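**Student:** Right, I'll just put the structure down here and ask away after.
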């Protein structure tokens, strides 16, 4: 009888220990998945930032009066480079998107720019990059959702709390970025 009790106790301890170990490892894996997906988003941002100066240089000569757009893009890129947290990088990326959308809106009003091969090629690459960014952001938010759900579910939430796993922040675009830029190119003012 005593032997059976000890076997049951040892089995229960082993089962609880295995569950604890498994749950902790799942949390670590999910946390790393979120970090990895954010790295994928940053890779696409870097591709965008590498393309922007080429596009700006191709367009600059034909649009010298639009210096403020070029300055805003340069400032936005600098802000992204200096950002430390995911939230700061997301805010800086939104600033880049706003400046870039102003540039693209301006370019719509310059048909001669669209006929330049370099501009066409860069625009196509930039469109592809914007699509990749959108996909990677969606994947990032999916990973964040999965992680946040995992750390909130019982009983894993106890392990998450014990080891300091906390909810991750979703990537959200600011309300200002959702508004279309207004471009007034009336030259006879």
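The values are calculated or read from the model by the stated rules, or taken from the named source; none is laboratory data. Everything numeric here is computed off the predicted structure, so don't read it as measured data. Counting neighbours? That spans all protein chains shown, and the Cβs are built from the backbone with ideal geometry, glycine included.
**Student:** For the stretch 159-183, which residues satisfy the criterion of being modelled with pLDDT under 65 and over 21 Å from residue 87 (Cβ atoms)?
**Tutor:** 180, 181, 182, 183
**Student:** Those residues that are out of contact with any helix residue (DSSP H, G or I) (no Cβ under 8 Å at 6 or more places or on another chain) and either touching a residue at least 40 places away in the same chain (Cβ under 8 Å) or closer than 16 Å to residue 94 by Cα (or both), I need them from the stretch 143-171; list them, please.
**Tutor:** Listed by number, the list is empty, since nothing qualifies.
Residues are listed down the side, and each one gets a yes or a no for (1) at pLDDT below 75; (2) in contact with a helix residue (DSSP H, G or I) (Cβ under 6 Å, 6 or more places away or on another chain):
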site	(1), (2)
37	no, yes
55	yes, yes
64	yes, no
107	yes, yes
126	no, yes
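**Student:** While we're on this one: Might you let me know whether the stretch 36-52 holds any residue that is within 20 Å of residue 160 (Cα to Cα) and in a helix (DSSP H, G or I)?
**Tutor:** Checked against the condition, which is being within 20 Å of residue 160 (Cα to Cα) and in a helix (DSSP H, G or I), the stretch 36-52 yields at least one hit.
**Student:** Continuing with this model, one more query. Which condition does residue 156 not pass, out of (1) surrounded by 12 or more Cβ atoms within 10 Å (Cβ to Cβ); (2) at pLDDT 90 or above; (3) farther than 20 Å from residue 42 by Cβ, if it passes all the others?
**Tutor:** So residue 156 meets the others, but not (2).
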